[in-house]
Structures are given as C-alpha cells and as structure tokens.
Amino acid sequence: MLQLSNWKRALIENCGFRGATLASSHFEDARIRGGDWLGAWLETSIWRRAKVSDVSFVAATLIDSRFDEATFVDCDFSRADLSRTRLSWDYARCPGTRFVRCDFRGANIDGLRFNNTTFDHCRFGGARGKPDLEGPCTLIEPDFSDGPTEQPKLRDPDEVLRVWRERDAAYLHHWNQFGNDTGYEPHRHYPERRDKPGA
C-alpha cells in the first residue's frame with residue numbers, strides 16, 4: 001500500500017499503478033508521463049501544479065481530490081469518480097487547472113469545484129453529476145458523444161455551463177432564504193464515505 005505517500009517533485013514515467021492504494025498521497029509539482037492507473041484508489045490525493053500526460057485513470061477513485069493549477073494532457077478519466085463527498089471547502093477543487101484532450105466519458109464529476117478551469121477538446125459523453133462553478137470555466141469544443149467510433153457531438157459551451165450553473169442557483173436561493181449556519185447544503189447529494197473493498 002502506498003497510502004499517504006509523498007511524490008512531491010517526482011518524475012514518474014510509464015509506471016503501472018493499476019488498482020494501487022494511493023489515498024491521500026501528494027503529487028505536488030510532479031511530472032507524470034504515461035502509465036496505467038486503472039482502478040487506482042486516489043481518494044483525497046493532491047495534484048497541485050502537477051504536469052500529467054498520457055495516463056490512464058480509467059475507473060480510478062479520485063473523490064475529494066485537489067488539482068490546483070495542474071495540467072492534464074491526453075489523460076483518460078473515463079468511468080473515474082472525481083466527485084465531492086465532504087462538506088469542507090478544501091476538497092474536490094480544480095482552481096486554475098487545465099485539461100487538454102482528456103476523456104471524462106462515464107465519469108462522476110458531481111460537486112467537483114471549477115474556478116478558472118479549462119477543458120480543451122475534452123469528451124464528456126455519459127458523464128454524471130453537476131460540478132460547482134465557483135468561478136470562470138472555459139469549455140473548448142466539448143464532445144458529448146459516447147462511443148469511440150461515434151461522430152463527435154459538439155455542444156455549445158454556454159449551454160453546458162448554463163446547465164451546470166443550475167445547481168449553484170438553487171443553492172444560492174436556499175442560502176438567501178434560510179441561511180446556512182451548519183454548513184450543510186441540503187440540495188446536494190453527499191454519498192456516504194466508501195471504504196475500499198478489502199481495506
């Protein structure tokens with residue numbers, strides 16, 4: 001197990017972490033190129049300023065992880081879980097993060113926080129949940145087709161952002177009407193914390 005491991009400023013090339021337990025690990029300023037991380041358990045991991053390219057995160061668990069100012073190029077997040085499950089503001093954040101040609105088909109992005117986040121030619125077919133828009137979010141030719149051989153279904157970025165903002169509008173309405181002393185946000189779904197099977 002590599003839980004709580006520190007990979008700060010590490011250079012990781014073409015390594016396999018398939019099914020590995022890397023929960024709460026730090027990848028700050030790491031350079032990661034290539035590799036199979038399929039099904040890796042990366043809950044609450046930190047990727048601040050990491051540069052990641054050509055990595056497969058298929059079906060990986062990245063719930064409540066932080067991606068501050070990181071760059072991901074040609075990475076596959078299909079069927080990965082990037083959702084937010086904790087109430088604290090410090091989890092599931094993507095401020096200043098850039099995703100280029102990444103695949104989020106079938107991924108869970110519910111509650112993931114976007115602020116100055118850019119998605120450049122990324123795929124979202126079958127992605128689940130609505131992220132929280134805390135600031136600007138740029139979508140460049142988002143593709144919502146499902147299959148690899150299907151013709152691209154390009155969506156109007158403004159339309160996608162409007163749908164994603166509906167969650168924030170509902171939350172602000174509740175806040176203005178009832179206040180929020182507890183920090184609980186009742187319109188959101190927070191699944192119970194899951195432990196990795198066999199852990």
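No lab work stands behind these numbers, since they all come straight from the coordinates. This is a predicted model, so every value here is computed, not measured. For neighbour counting, all protein chains shown are included, and Cβ atoms are generated from backbone atoms with ideal geometry for every residue, glycine included.
Only one entry of Arg105, Arg98, Arg79 meets the criterion of being more than 20 Å from Asn6 (Cβ to Cβ), in contact (Cβ under 8 Å) with a residue 40 or more places away in the chain and charged (D, E, K, R), and that entry is Arg105.
Arg128 satisfies every condition listed in (1) farther than 28 Å from Ala20 by Cβ; (2) surrounded by fewer than 16 Cβ atoms within 10 Å (Cβ to Cβ); (3) not β-branched (Val, Ile, Thr) except (1). A single entry from Thr85, Thr61, Thr118 fulfils the requirement of being without any contact (Cβ under 8 Å) to a residue 40 or more places away in the chain and either among the β-branched types (Val, Ile, Thr) or more than 16 Å from Phe27 (Cβ to Cβ) (or both): Thr118.
Pairs are defined by a Cβ separation below 9 Å, a sequence spacing of at least 6 or placement on different chains, a first member in the stretch 150-166 that is over 13 Å from Cys122 (Cα atoms), and a second member that is among the hydroxyl-bearing types (Ser, Thr, Tyr); the pairs so defined are Gln151/Ser145.
Listed conditions (1) closer than 23 Å to Phe144 by Cβ; (2) among the aliphatic types (A, V, I, L, M); (3) in contact with a Gly (Cβ under 9 Å, 6 or more places away or on another chain) are all met by Ala70, apart from (1). Of all residues in the stretch 7-37, those that are free of Cβ contacts under 8 Å to residues at least 24 places away in the same chain, of a type outside the set (Asp, Glu), over 14 Å from Cys75 (Cβ atoms) and touching a Phe, Trp or Tyr at 6+ places or on another chain (Cβ under 9 Å) total 11.
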